[in-house]
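Written below as structure tokens is the structure these notes are about.
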Amino acid sequence: MNSFNQPIGLYVHIPFCGRKCPYCDFYSTAADAAKINEYVAVLCRQITQCGEHIHRKADTLYFGGGTPSLIGAKRLSEIKAAAENAFILDKAEITAEINPAKQDFDFSHLYRSGFNRVSIGLQSANDEELALLGRLHNSAQADRCIKRAQQAGFDNISLDLMIATPQQTKESLLRSLAFCASHNVQHISAYLLKIEEGTPYFQKRSTLALPDEDAQAEMYLLVCEKLREYGFEQYEISNFAKPGFESRHNLKYWHDEEYIGFGPSAHSFVKGRRYYYERSFECFYTDQKRDDGIGGNIEEWIMLGLRLTEGINNKRFREHFGMDIPRKYFDRARKLESYGLVRTDEQSIRLTIQGFLVSNAVIAEVLR
């Protein structure tokens with residue numbers, strides 16, 4: 001099994017938004033300055049106490065949300081300093097999610113305080129699509145946001161892009177991809193829109209002008225093809241990077257490595273156990289963690305690893321479990337090869353791009 005002395009990942013949830021997007025299921029709420037300051041103080045205290053308890057180094061720190069940029073660079077830097085003191089950030093990748101609508105965000109302060117990566121929520125470069133998605137920014141603001149981040153010194157920038165959104169076409173998607181490529185960013189996360197229960201989109205799903213399943217598949221394959229032409233290598237179902245700029249933090253999840261989450265709805269995986277905070281400020285403020293059972297078993301490791309283009313292989317499996325991948329998984333995977341969904345050799349199993357389109361079904365069949 002993995003050594004418990006390896007550096008871990010840290011995730012910090014910033015649960016505040018200026019306005020909730022109609023497709024979003026992540027936990028967030030509106031807030032004023034007093035509520036934000038209270039939350040930052042509790043975060044710093046919880047991070048400090050956790051570091052004193054587990055005595056570990058961390059090599060990734062990710063601020064997600066919600067809208068981390070809403071609380072400003074100064075507060076983000078304060079939380080980062082608490083994490084650095086508590087865990088010792090060991091040559092860490094330190095990322096903050098940024099909303100392009102916040103045009104006064106101080107990228108220079110963020111960069112000077114030690115952040116080295118930003119993830120900007122572009123979603124689309126077409127203003128009509130952005131309006132339908134409920135976004136607060138337009139393409140011109142996104143353009144300025146990216147350029148300001150680059151001028152501040154950031155040379156590791158990721159853009160979020162959504163696929164198969166209301167009224168999106170292949171032509172409009174190509175324009176968004178060209179926008180991304182023209183800004184010389186290093187990473188793109190491109191997600192197929194999923195209608196989550198409980199969201200405004202779910203309530204009016206029958207009236208949304210969404211591409212059908214065939215069109216969604218064509219759009220996904222188009223994204224994979226065009227980003228490859230633009231120099232981005234696909235390394236996970238929804239993630240593409242210039243060589244050497246893969247998200248180290250997200251790879252911790254897919255490699256089934258350890259991480260600690262802070263904030264309402266944040267999850268953790270430490271020493272073989274999973275736990276989380278409920279979607280509640282009170283539960284986080286009083287440090288009421290919910291046990292989520294044992295993690296890191298063989299099936300979980302395979303499920304997560306098959307999301308990666310590298311798939312799973314005997315070398316990494318031996319490092320983790322001390323043996324080769326059981327042959328039954330190879331036998332099941334080979335039955336799917338004739339459909340063009342999986343590729344295998346004597347040492348590894350990996351999904352094809354076509355397999356990624358139906359990854360849940362393919363992975364379930366391998367694990368059957």
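What pairs from 80/271; 271/335; 35/204; 74/242; 35/242; 194/315 go past 28 Å between their alpha carbons?
Values: 80/271 24 Å; 271/335 35 Å; 35/204 32 Å; 74/242 30 Å; 35/242 39 Å; 194/315 34 Å.
Over 28 Å apart, Cα to Cα: 271/335; 35/204; 74/242; 35/242; 194/315.
Just to check I understand the Karplus step: with θ = phi - 60° and J = 6.51 cos²θ - 1.76 cosθ + 1.60, what whole-Hz values come out for the stretch 222-233, glycine and proline as x?
Running phi through 6.51 cos²θ - 1.76 cosθ + 1.60 with θ = phi - 60° gives 5, 4, 4, 5, 5, 5, 4, 4, 7, x, 9, 9 Hz.
Mind listing the Cα extents of the stretch 71-156 along all three principal axes, in Å, largest one first?
45, 23, 20
Contour minus end-to-end for residue 287 and residue 368, with contour as 0.36 nm per residue of separation and end-to-end as the Cα-Cα distance? Provide the component values of the computation, followed by the final result.
Numbers: separation 81, 0.36 × 81 = 29.16 nm, distance 3.74 nm.
Here the segment from residue 287 to residue 368 would lengthen by 25.4 nm.
Once you treat every alpha carbon in the stretch 27-88 as an equal point and sum by Debye, what is log10 I(q)/I(0) at q = 0.14, 0.21, 0.29 Å⁻¹?
Each listed q maps to, in turn, -0.41, -0.87, -1.31.
Scan the chain and report its longest stretch carrying no chymotrypsin sites (Phe, Trp or Tyr not before Pro) that are both in a DSSP loop and have at most 12 other Cβ atoms within 10 Å. Numbers along the way, then the final one.
Numbers: sites that count: 4, 339.
The reported range is 5-338.
Starting at 0 and stepping by 10 Å, how many percent of the alpha carbon pairs of the stretch 163-218 end up in each bin?
Calculated P(r), rounded to whole percents: 20, 45, 28, 7.
Using 0.36 nm per residue, how much length does the chain from residue 279 to residue 140 gain when fully extended, once their Cα-Cα distance is taken away?
Details: separation 139, 0.36 × 139 = 50.04 nm, distance 3.42 nm.
Here the answer is 46.6 nm.
Give the cysteines in the chain for which no other Cys Cβ lies under 4.7 Å away, or write none if there are none.
17, 44, 50, 145, 180, 224, 283 - these cysteines have no disulfide-compatible partner (Cβ-Cβ under 4.7 Å) in the chain.
If every alpha-carbon in the stretch 117-238 counts as one equal scatterer, what log10 I(q)/I(0) does Debye give at q = 0.19 1/Å?
-1.06
Tell me the mean residue ellipticity at 222 nm calculated for the chain from its helices only (DSSP H runs of n ≥ 4, each -39500 (n - 2.57), averaged over every residue, nearest 500). Don't skip to the answer; put the middle values down first.
Details: 15 runs with 151 residues, N = 368.
It lands at -12000 deg cm²/dmol.
For the chain, what is the per residue volume of the convex hull drawn over the alpha-carbon atoms, in cubic angstrom? Mind showing how you got there, number by number?
Values: hull volume 51.0 nm³, N = 368.
Residue-normalised Cα hull volume stands at 139 Å³.
In which sequence would 236, 213 go, from the one with the fewest C-beta neighbours within 10 Å to the one with the most? Spell out each step's value before the answer.
On the way: 236 19, 213 10.
Going from least to most buried by this count: 213, 236.
Every read-out reported here was derived from the displayed coordinates using simple, explicitly stated rules and does not represent laboratory data. For clarity, every value in this text was computed on a predicted model and none was experimentally measured. For neighbour counting, all protein chains shown are included, and Cβ atoms are generated from backbone atoms with ideal geometry for every residue, glycine included.
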